[in-house]
There are 2 protein chains.
Amino acid sequence: MTRCEQQIEFLMEIDKLKSVERQTLLVDCSRRENSAEHSWHLALMAQVLAEHAAEPVDVSHATQMALAHDLVEIDAGDTYVYDAVGNQDKAERELRAAVRIFSLLPTEQAAKLRALWDEFEAVATPESRFANALDRLQPLLNNWRSGGAGWRGRNIRRTQVLQRMEPVRLGLPALWPLVIRILDEAAAAGWLREE
Amino acid sequence: MTRCEQQIEFLMEIDKLKSVERQTLLVDCSRRENSAEHSWHLALMAQVLAEHAAEPVDVSHATQMALAHDLVEIDAGDTYVYDAVGNQDKAERELRAAVRIFSLLPTEQAAKLRALWDEFEAVATPESRFANALDRLQPLLNNWRSGGAGWRGRNIRRTQVLQRMEPVRLGLPALWPLVIRILDEAAAAGWLREE
């Protein structure tokens, strides 16, 4: 295959991310969102909320991470955060997926995407802390604005969600008061279990 | 509203782009794609195909344009390219949408997004020529890989699609042989009308 053909193969393969369903619903509750549109949402959040990042961030780099961070789900699927069994072999499944999917690209482009994904997973740079904060904040916002649709009937505790939001406290401290307000409302409305 | 509240309002409003259906189908033919996931696909195409752009491009800038170029469809809808009636007032509908949607943001962020959209529409910079080329190439690729599903039964002529692909010839000349090959295959298979 030519270099260009390899690139087209990769770009057609990633169309599959549009079929990976997440637990989060759209704000209008019409359906669950998928990982491709979720990644788009994060990329625009990165543009809009960069000024609130805990540390100075390269927005372009954070955007690239947001766009690529879920590609491994094409093979590994989206693992629900409160699914204890699914989370046991999540890392292994995602690693196999990264090897297969990124290697469709020419070598140096594969390495670049792999590095972005590794960076997102390691959460050890300002951009990855920012991108991880966005990745936690977006479903919280959607759950809130959809009337708790992603939480209700699941017996989820407020403290579980609070713990899950820790990257927001670290990466987007200016948004933390909003997180607390949302959790207060969600508990008061009975969408989350208060303890 | 505080600045942060304005930003959150905007970020919740744009969730609606996930519900704007396009004519293009997913590669697996399972459903039509929406404008949010289409925008995500373009943003990743920008990363991967930048080396083939006709002129040197700022990839980060082209990526931002790809992410924002369809936001006006939240109000204006996606107008099918071969819909003569819908295209009559498309510009006016999209302009009203731009004013409403971008102005949810703090002033200077609204101006930045508006400038990106204006630039995409004017097609007068290297980045906008590149982004417009991607915007035409992606549905062609999806139609091709889905076995012509977006074309069949619509009585579309090969020359119509060829004309529609002109931005690819200008912005991504290295991809032009692939465009011609796809149109040859589509015509031979009867997905497009040959003349």
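I'm a student and want to see the number: the projected area of the Cα convex hull of the protein assembly as shown, averaged over all directions, in nm².
Numbers: hull surface 77.3 nm².
It is 19.3 nm².
With label points set 7 Å from Cα along Cα→Cβ, the inter-copy distances at B:P173 are 5.3 nm, sorted shortest first. Inter-copy label distances at B:E185, using a point 7 Å along Cα-to-Cβ, come to 4.9 nm with the shortest given first. Rounded, prolate or oblate: pick one for the range A:84-124, where a ≥ b ≥ c are the square roots of the eigenvalues of its C-alpha gyration tensor, a/c under 1.5 means rounded, and failing that, prolate if a/b is larger than b/c, else oblate. It is oblate, given that a/c is not under 1.5 and a/b is not larger than b/c. Scalar couplings 3J(HN,Hα) for the range A:26-33, obtained by applying the Karplus form with A = 6.51, B = -1.76, C = 1.60 to θ = phi - 60°, are 4, 4, 7, 6, 5, 5, 6, 8 Hz; x denotes Gly and Pro.
Round to a whole number: what % of the accessible area of the range A:130-191 belongs to carbon and sulfur, probe 1.4 Å? If you can, show how the numbers build up before the last one.
Details: 1170 of 2430 Å².
Result for the range A:130-191: 48 percent of the exposed heavy-atom area is carbon or sulfur.
Across the range A:2-47, C-alpha contacts under 8 Å between residues 6 or more apart give a mean separation that, scaled by the residue count, equals a relative contact order of 27 percent.
To the nearest 10 degrees, how steeply does helix B:35-49 sit against the main Cα axis of chain B, on a 0 to 90 scale? It is inclined by approximately 70 degrees.
For the range B:27-86 versus the range B:111-128, the inter-centroid distance based on Cα atoms is 13 Å.
Enter the mean number of other protein chain beta carbons within 10 Å of the beta carbon of each residue in B:126-134, as an integer. Don't skip to the answer; put the middle values down first.
Working: counts 0, 0, 0, 0, 0, 0, 0, 0, 1.
The shielding value for this peptide is 0.
Using a cutoff of 8 angstrom between alpha carbon atoms and counting only pairs six or more residues apart, the relative contact order for chain B works out to 24 percent. Under 5 Å from the amide H of B:E33 lie the amide H atoms of B:R22, B:T24, B:L25, B:L26, each residue being 5 or more positions distant or on a separate chain, with H modelled from the backbone and absent for Pro and chain starts. Using a 1.4 Å probe over protein heavy atoms, the accessible area lost on pairing B with A, summed over both chains, comes to approximately 4100 Å².
Which trypsin sites (Lys or Arg not before Pro) in the range B:9-42 sit in a loop by DSSP (not H, G, I, E or B) and have at most 12 other Cβ atoms within 10 Å of their own Cβ? Walk me through the intermediate numbers first.
Details: sites: B:K16, B:K18, B:R22, B:R31, B:R32; in loops: B:R31.
Qualifying residues, ordered by number: B:R31.
Classify the range B:40-195 as rounded, prolate or oblate from the Cα gyration tensor: take a ≥ b ≥ c as the square roots of its eigenvalues, call it rounded if a/c is under 1.5, otherwise prolate when a/b beats b/c and oblate if not. Cα axes put the range B:40-195 in the oblate bin. For the range A:115-184, averaging the sequence separation of C-alpha pairs within contact (under 8 Å, six or more residues apart) and dividing by the residue count gives a relative contact order of 35 percent.
Solvent-accessible surface of the range B:21-108, taken per residue with a 1.4 Å probe and all protein chains present: 39 Å². Can you classify the range A:1-65 as rounded, prolate or oblate using the Cα gyration tensor, where a ≥ b ≥ c are the square roots of its eigenvalues, rounded means a/c under 1.5, and otherwise it's prolate if a/b beats b/c and oblate if not? Oblate is the answer for the range A:1-65, as a/c is 1.5 or above yet b/c matches or exceeds a/b.
Once the Cα atoms are used to define both axes, helix B:176-188 deviates from the longest principal axis of chain B by about 60 degrees. Once the Cα atoms are used to define both axes, helix A:107-122 deviates from the longest principal axis of chain A by about 20 degrees.
Among B:V27, B:V99, B:V168, which one shows the highest mean-square fluctuation when chain B is modelled as a Gaussian network with alpha-carbon springs under 10 Å? Per the Cα network of chain B with a 10 Å cutoff, B:V99 tops the list. A Gaussian network model of chain B, with springs between Cα atoms under 10 Å, assigns the largest mean-square fluctuation among B:L44, B:L67, B:L25 to B:L44. If you count Lys pairs in the protein assembly as shown whose Cα atoms are under 26 Å apart, skipping same-chain pairs closer than 8 places in sequence, the total is 14. For A:M1, the label point sits 7 Å beyond Cα toward Cβ; its separations from the matching points on the remaining copies run 4.4 nm, from shortest to longest.
The values are calculated or read from the model by the stated rules, or taken from the named source; none is laboratory data. Bear in mind the structure is a predicted one, so any value in this text is a computation, not a measurement. A quick note on method: Cβ atoms are made from the backbone with ideal geometry, for glycine too, and the neighbour counts reach across all protein chains shown. Ligands, DNA and RNA are stripped out before the accessible areas are found, and what is left, the full protein with its side chains, is counted by its heavy atoms. Shrake-Rupley method; radii C 1.70, N 1.55, O 1.52, S 1.80 Å.
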